[in-house]
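What follows draws every value from the coordinates through simple rules; no lab data is involved. The structure displayed is predicted, hence computed values, not measured ones. When we count neighbours, we look across all protein chains shown, and the Cβ atoms used for this are built from the backbone with ideal geometry, even at glycine.
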């Protein structure tokens, strides 16, 4: 996943959908977000996009626990 193709706003919409329908995302590969997270943490800090990912990550953790 290249940084130029990330869409964390779309990720926010996806998280809402996942939460509404209780979809299991336990098996999803979080490494695909590594380059975008690196970019928003170290090169062009954007707290909004980071918090969007945190919401997605929390949903993934909840899915793994259930």
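Within a 10 angstrom radius of the beta carbon, how do 38, 27 rank from fewest other beta carbons to most?
Arranged by neighbour count, lowest to highest, 38, 27 become 27, 38.
Kindly provide the Kirkwood hydrodynamic radius of the chain in Å, to one decimal, from all pairs of distinct alpha carbon atoms.
12.2
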